[in-house]
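Down below is the structure, laid out as structure tokens.
The values are calculated or read from the model by the stated rules, or taken from the named source; none is laboratory data. Because the structure is a prediction, the values reported are computed rather than measured. Here the Cβ is made from the backbone with ideal geometry for all residues, glycine too, and neighbour counts use every protein chain on show. Surface areas here come from the heavy atoms of the whole protein model, side chains and all, with no ligands, DNA or RNA. Shrake-Rupley method; radii C 1.70, N 1.55, O 1.52, S 1.80 Å.
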Amino acid sequence: MAAGTKSDFTIYDEQFWGGYSETLEQETEVFNGSSNGSIRLVRRDIMGDYDRESFIKSITDLVVRRDVTHVSAVTDKALTQDEMIGVKVNRRIGPVANTLDSLKKITSDPGEMSFLLGQQIGKAVAVDYVNTAILTVNTALTEVSTLSYNASTAATGLQHVDLVRGMSLFGDQAQRIVAWVMHSHSYFQLMENSVSNNVFQVAGATIYEGTVATFGRPVIVTDSTNLLSTASTTYSMLGLVDGAVEIAESEERTVVDEVVTGLENLVWRVQGEVAYNVKIKGFRWNTAGGANPTDSALGTGTNWIEAATDTKSMAGVRIHNIRSADSI
């Protein structure tokens, strides 16, 4: 609106950020230490649209048999580099607008509503972080067939043997899998099978403590649609290594509010912007997939390219086609 607008960017910041920070801090319980560092939330300013990290690739047959009966020339092996590339995702908050009159009618004011709106936005931002992390790492692992175990024969839903077979995909590095991520439906199937199999001490909080039932690894339980198949009849779960996926708040969050005049009623409006980079261990974002990708692009397998040579240097394992048991 070019005319009739009076803006004030700082009147309610304290209340807004109080609610935002309180809620966001609660939601980050699913990150960092609670997931054994497998899903990380960090704050790091990043210029541009991509986050690049180069590394020296492992050399095949670096140590071989030496023939002591010859002095013939041998072929040099070269050091080669590759890179892991994360991509920046830009998000808009709102705008949210109400007449000042509507706030007065419920004996409220923009200060109180700022705090409540901050709480709601904080939760929404954190949920977006989690859903994007799950979408991208699940998509990337789908592209590596040797890191996916098909559990479609498990007619009773998720079983403990599925976890074992999933870990086995990492072979002698299975101990590097530090956390599980699964839908609540799958978790309660596992809990039911724990009872049937006389496996006890299954925890029951939002973040479930690792027990014998999960082989000493914590479980992140989230009803993210990114763990559901298209038909919504089967589920996927992830076994992640330390640093499997990183969400980096890469730009300062900006939230502004204004009182809009020139209308029949005065209107209070809030709008914001956030940006973060998502990076998957052992993979690089295909820049041909574009900057500021949509969720559809983030969920397209060909946009995540294997950077690491050894699959045991990647983000983890994926157990998929977990059937929906009739009893749950």
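Taking trypsin sites (Lys or Arg not before Pro) across the range 257-289, none is in a DSSP loop with at most 13 further Cβ atoms lying within 10 angstrom of its Cβ. From the P(r) of the range 99-195, can you give the percent of Cα pairs sitting at distances over 19 Å? For the range 99-195, the fraction of Cα-Cα distances above 19 Å is 63 percent. At full extension, S108 and V256 could sit 51.3 nm farther apart than now, given 0.36 nm per residue minus the alpha carbon distance.
Protection proxy ranking, highest mean first, for peptides 176-188, 308-320, 123-135: 176-188, 308-320, 123-135, where packing is the per-residue count of other beta-carbon atoms within 10 Å, averaged. By a 1.4 Å probe calculation restricted to protein chains, E273 has an accessible surface near 120 Å², given to the nearest 10. Spin-label model, A174/N150: points 7 Å from Cα along the beta carbon direction are separated by 2.1 nm. Looking at the range 215-328, the accessible area is 40 square angstrom per residue; that uses a 1.4 Å probe and ignores ligands, DNA and RNA. Evaluate 2.2 N^0.38 Å with N set to the residue count of the range 129-172, then give the Cα radius of gyration divided by it. Working it through for the range 129-172, the quotient is 1.31. Within the accessible surface of the range 37-148, defined with a 1.4 Å probe on protein heavy atoms only, the carbon and sulfur portion equals 54 percent.
The residues of the range 81-188 have, on average, 41 Å² of accessible surface per residue, using a 1.4 Å probe with all protein chains present.
Could you give me the percent of Cα pairs per 10 Å distance bin for the range 58-154, shortest bin first, beginning at zero and ending with the bin that holds the maximum distance? Taking every Cα pair in the range 58-154, the percentages come to 9, 20, 17, 16, 14, 11, 6, 4, 2, 1.
The alpha-carbon of K279 sits under 24 angstrom from the alpha-carbons of these lysines, leaving out residues fewer than 8 places away in its chain: K57, K88, K123, K312.
For the range 210-328, the alpha-carbon radius of gyration amounts to 1.51 times the rule-of-thumb value 2.2 N^0.38 Å expected for a compact globular protein. Apolar share of the accessible surface for the range 224-311: 44 percent from carbon plus sulfur atoms, 1.4 Å probe. Modelled spin labels at R91 and S72, positioned 7 Å past Cα toward Cβ, are 6.1 nm from each other.
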